[in-house]
Amino acid sequence: MQIDVRTVSIEPVRKTFDHLARRFGNKPASRYQEGSYDIQAAENLHYRPTWDPDQELYDPNLSRIRMKDWYDLKDPRQFYYSTYTLARARQQENVEANFAFVEARGLQDMLPEDIVEKSLKLLVPLRHAAWGANQNNTLACGYGYGVVFTQPCMYHAMDNLGISQYLSRIGLLLGGVEALEQAKDAWLNDSAWQALRRLVEDTMAIRDPFEVFVAQNVVLDGLLYPVVYERLVDTYLASQGGQAVAMLTQFMTNWFTESKKWTNGVLKVTAAESDENAKVLAEWINHWSDRAVSAILPIVNSVLDERVDEMVSEELEAFRARIAKTGIQL
Amino acid sequence: MSTVFIAFQTNEETRPIIEAIELDNPAATVYQEPAMVKIDAPDELVIRRETIEEQMGREYDLQELQVNLITMSGHLSEDEDTFTLSWK
Amino acid sequence: MDTPVNKKKLSLKEKYSYLTRDLAWEPSYQKKEDLFPYATYEGIKVHDWSKWEDPFRLTMDAYWKYQAEKERKFYAIIDAFAQNNGHLKLTDARYLSALKIFLQAISPGEYAAHKGFARTGREFPGVGPQVACQMQAIDEIRHAQTQIHAMSNYNKFYNGFHGFADQRDRIWYTSVPRSFFDDAMASGPFEFMIAIGFSFEYVLTNLLFVPFMSGAAYNGDMSTVTFGFSAQSDEARHMTLGLECIKFMLEQDPDNVPIVQKWIDKWFWRGFRVLGLVSTMMDYMLPKRVMSWREAWDIYGEENGNALFNDLARYGIRPPKGWGDAAEAVDHMSHQFMLALYQWNFGTAFHSWIPSDNDMDWLSKKYPNTFDKYYRPRWEHIKKLEANGTPFKNYGLAKNCQTCQLPCVFTEPGDPTTLCHRETEYKGEHYHFCSDHCRDIFQEEPEKYVQAWLPMPQLFQEPINGDLEAWMKWVSLVDGEDNGDYQGSHDQTSFEKWREMATSN
């Protein structure tokens with residue numbers, strides 16, 4: 001039976017699901033709202049975890065941060081799986097095009113020797129740091145509370161993995177398998193990298209999902225990305241004939257700009273919730289940013305001879321100004 | 001003997017894939033079901049990139065299979081050229 | 001140039017290994033057991049994580065690319081479906097009961113799986129399984145969301161969908177899958193993998209997604225077919241993860257074999273009970289049917305399961321303990337469960353109905369040994385009561401099984417006329433079970449299962465105190481709209497009216 005249903009105009013009997021009508025009023029909900037709000041079990045949980053019977057299966061008390069409603073922590077990008085995946089698919093097409101552009105013209109072979117050396121030295125060990133970030137965001141997703149806060153952590157974890165893979169590909173392109181091996185050796189043994197590795201391992205031992213989010217996404221990435229990608233790659237290396245390298249790290253630069261929207265948004269709402277939250281956030285940010293600065297300095301020193309302290313302290317100032325805007329007093 | 005199987009959505013992209021599978025696996029049986037095609041084979045089923053490329057007339061990456069895959073059974077082993085399901 | 005450039009093209013496997021396995025390192029500033037605190041308490045011994053074989057070697061760029069392609073297709077179809085009032089092309093609005101159960105009972109499980117895989121994706125001290133689990137974590141939230149998005153349009157025109165988030169936590173039948181997923185998440189990372197990765201994904205989801213979705217296509221529901229098949233394309237990856245995980249555990253140490261066997265026994269039965277819901281969806285709720293639950297079981301349960309267990313025999317694994325009882329129950333479960341749903345349909349946020357003569361003829365053909373003998377007479381009796389104006393309603397409360405949480409409506413193995421009921425005592429309390437297997441599962445871990453939240457006793461506690469009206473409000477069930485018989489329901493009258501508008505002038 002063929003029905004031409006387009007010609008029929010029928011009235012919907014309701015506009016949205018009950019839980020969304022309670023939150024947002026009786027009107028059609030967006031796909032972000034449908035896919036994010038209240039889709040996690042909230043009560044009548046059956047059993048306590050055998051891996052830690054002091055916890056609930058979904059437990060808001062694993063963090064020192066307290067929220068009356070964790071669903072206040074909306075992602076300003078409104079990423080749900082589809083919008084997230086489509087955004088990254090477009091970006092990865094650009095990355096592919098950039099790699100293809102560099103490879104087709106043999107630009108990697110035309111790079112000045114010391115640029116290749118510095119790029120390898122700076123970027124390739126960072127693939128391990130990105131793996132640490134992946135671990136931390138996976139933990140924040142797994143143990144954090146409320147879908148609007150935890151789902152972007154999972155997307156972020158996959159981004160961290162993607163970044164570690166792009167960094168590995170840069171290593172393979174510029175220095176082959178040996179470059180990866182040397183970078184891993186540097187990560188494990190080279191003194192310039194040990195403060196960062198220690199910091200990463202220490203963050204991986206944190207079990208408070210919100211502290212992990214702050215230490216990793218707000219603080220460490222908040223200092224590392226501007227220093228490495230904006231200052232060292234896009235500015236310093238590019239000015240020395242390393243524009244091709246900057247093409248290969250474009251994803252990271254754009255990704256960091258985008259993700260700041262999310263991290264700033266989360267900080268702002270969390271700090272505005274209560275003075276206690278704001279104090280805890282300030283404590284974490286102070287603690288981890290001291291560690292991050294001393295971990296980043298020796299890395300920068302290994303590729304740059306002058307103005308290192310100045311550059312890092314400028315970035316620290318910029319970072320503190322960014323945090324101040326979210327309503328947190330450091 | 002144990003049966004391995006794989007199923008794809010029925011559409012224009014999978015038509016040449018199914019033809020390729022039939023060519024490479026004479027022992028396979030193809031079942032057309034609503035919106036899907038299921039292929040059974042005794043013990044082993046091999047999908048070859050080259051055969052798909054011949055059927056499609058373009059380059060093909062076996063990882064593209066995932067886009068229209070519905071389900072499968074058997075141990076999977078995968079490299080650039082083949083995608084094999086088997087019971088040992 | 002001094003830098004030695006290795007131009008050798010890496011194979012897919014080598015490249016994948018550099019892009020995943022090689023990212024991790026042995027920590028030295030922190031103890032490994034502090035970074036992965038839950039990796040050993042279950043007793044699974046792993047000597048060498050590098051022995052893990054990655055079945056699908058997807059790097060993130062490829063993941064984004066192929067998944068985006070699936071997403072574009074999916075949303076194009078459900079948008080078109082909504083714009084064209086695709087719901088009027090359904091064979092019949094009765095069919096929607098199956099989707100309501102899906103949204104209330106199964107989609108929340110997808111979310112739980114997302115969360116659980118995020119945890120295992122962090123807790124395994126090996127990169128191979130971590131990355132695979134993380135991909136599954138992000139896939140599972142995709143499934144929860146695509147299902148909600150696909151059903152959002154139905155919610156605008158039909159009853160029973162609107163309160164799914166409340167019903168997930170409160171209504172009686174959703175506590176069956178909820179307790180299943182809660183149980184898995186309350187387990188350690190290895191058991192979680194057997195529960196969801198192996199038992200649910202590999203042994204059981206085919207039954208849910210493949211024949212049922214084919215059935216949705218048959219009934220004109222392109223929107224559900226699309227989410228079903230699109231999800232199932234991810235499941236292919238998930239199934240290989242589950243299978244790899246079980247092989248890995250079995251190969252790492254012979255001491256793992258009995259632990260794994262115990263989990264297979266448990267999780268097969270837990271999963272089989274959850275699928276009780278699916279059996280009625282397939283046999284009773286699809287107006288046009290592709291295959292019966294029994295036929296689906298023969299292909300995706302029996303044949304596929306035997307192939308798998310034959311294969312695992314080399315490690316000393318035997319088929320799950322409940323395998324034989326399951327095979328026998330397949331001829332009964334959909335009928336027993338639909339009868340139960342019908343008599344308690346005042347308390348379900350979906351409709352049920354007495355099968356038509358035509359339906360019953362189909363059922364006797366598909367179940368030649370059981371339907372006419374045991375179940376047709378009951379339906380005929382219920383039909384007579386209905387015709388006499390005294391419809392059969394059971395306002396009494398069923399006993400819930402302490403383990404699987406289903407009402408104890410199933411019969412004894414080997415005797416389909418006697419209800420099966422088991423009991424046990426633990427620390428002075430009595431506990432009830434639907435079967436030997438559910439009782440055995442309880443007895444393995446009583447401290448876990450005594451915690452179960454049982455929906456029936458809740459009726460007599462705060463804030464309900466035995467008041468049915470208060471209970472309906474509490475579970476967001478609108479009496480007279482969401483529940484009861486399909487005959488005479490709003491869904492039926494709306495659908496028929498709209499169809500009439502669409503087919504005449």
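Quick note: the coordinates plus some simple rules give every number you see, no bench work behind them. Since the structure is predicted, the reported quantities are computational estimates derived from the model, not experimental observations. Reconstructed Cβ throughout: ideal geometry from the backbone, glycine too, with neighbour counts over all protein chains shown.
Miscellaneous remarks
- Summing charges over all other residues whose Cβ lies under 11 Å from the Cβ of C:K32, with Lys and Arg as +1 and Asp and Glu as -1, gives -3.
- Each residue of region C:54-68 was assigned a 3J(HN,Hα) from its phi angle through the Karplus curve 6.51 cos²θ - 1.76 cosθ + 1.60 (θ = phi - 60°); the sequence is 7, x, 9, 9, 9, 8, 4, 4, 5, 4, 4, 5, 6, 5, 4 Hz, with glycine and proline shown as x.
- Distances between placed amide hydrogens fall under 5 Å for A:D59 paired with no residue 5 or more residues away or on another chain.
- Cα centroid of region C:237-265 to Cα centroid of region C:481-503, whole Å: 49 Å
- A straight line joining the Cα centroids of region C:122-176 and region A:65-104 runs 21 Å.
- For region B:3-86: rounded, prolate or oblate by the Cα gyration tensor [a/c cutoff 1.5]: rounded
- Within the shell of other residues whose beta carbon sits under 10 angstrom from the beta carbon of C:M193, the net charge comes to -3, with Lys and Arg scored +1 and Asp and Glu -1.
- Computed P(r) (all Cα pairs; region C:413-505; 5 Å bins; percent): 2, 10, 13, 11, 10, 12, 14, 9, 6, 5, 4, 2, 1, 0, 0
- Residue exposure sequence - B:M1, C:M193, B:M56, C:M213 - by fewest surrounding Cβ within 10 Å: B:M1, B:M56, C:M213, C:M193
- ³J(HN,Hα), Karplus 6.51/-1.76/1.60, whole Hz, each residue of region C:262-268, x for Gly, Pro: 4, 5, 4, 4, 5, 6, 4
- Shape call, region C:315-371: gyration tensor on alpha carbons, a/c limit 1.5: oblate
- Value at 222 nm in deg cm²/dmol, rounded to 500, when DSSP H runs of n ≥ 4 in the protein assembly as shown each add -39,500 (n - 2.57): -17500 deg cm²/dmol
- Backbone amide hydrogens, once placed in the peptide plane, bring C:Y426 within less than 5 Å of C:Y431, excluding anything fewer than 5 places away on its chain.
- Residues of type lysines that C:K262 reaches as a straight line, Cα spacing below 17 Å, ignoring anything fewer than 8 places off in the same chain: C:K45, C:K247, C:K321, C:K448
- At 0.692 mPa s and 37 °C, Stokes diffusion of region C:80-221 via Kirkwood alpha-carbon radius, µm² per second: 203 µm²/s
- For region C:306-318, Karplus couplings with θ = phi - 60° (6.51, -1.76, 1.60), whole Hz, Gly/Pro x: 5, 4, 5, 6, 4, 5, 7, 4, 5, 8, x, 8, 10
- The dipole here belongs to region B:3-86: it is taken about the Cα centre, uses +1 on the Cβ of Lys and Arg and -1 on the Cβ of Asp and Glu, and is about 340 debye.
- Ordering A:P152, A:M110, A:T235 by Cα displacement along the dipole of region A:83-236 toward the positive end leaves A:P152 in first place; charges were set at the Cβ atoms of Lys, Arg (+1) and Asp, Glu (-1).
- Share of alpha-carbon pairs per 20 Å distance bin for the protein assembly as shown, given as whole %: 14, 46, 32, 8, 0
- Reciprocal mean inverse distance between Cα atoms of chain A - Kirkwood radius, Å: 21.7 Å
- Candidate lysines for bridging to C:K15, where Cα separation is under 17 Å - those fewer than 8 sequence places away on the same chain excluded: A:K184, C:K7, C:K51
- 5 angstrom amide H check on C:E445, placed H, neighbours 5+ away: none
- Global geometry of region A:99-166, whether rounded, prolate or oblate, following the gyration tensor of its Cα atoms and the 1.5 cut on a/c: prolate
- Environment charge at A:A186 (Cβ cut-off 14 Å; Lys +1, Arg +1, Asp -1, Glu -1): -1
- Convex hull of chain C built on C-alpha atoms - directionally averaged projected area, nm²: 29.2 nm²
- Reduced Cα scattering model of region C:32-94, Debye log10 I(q)/I(0), q = 0.16, 0.26 Å⁻¹: -0.77, -1.07
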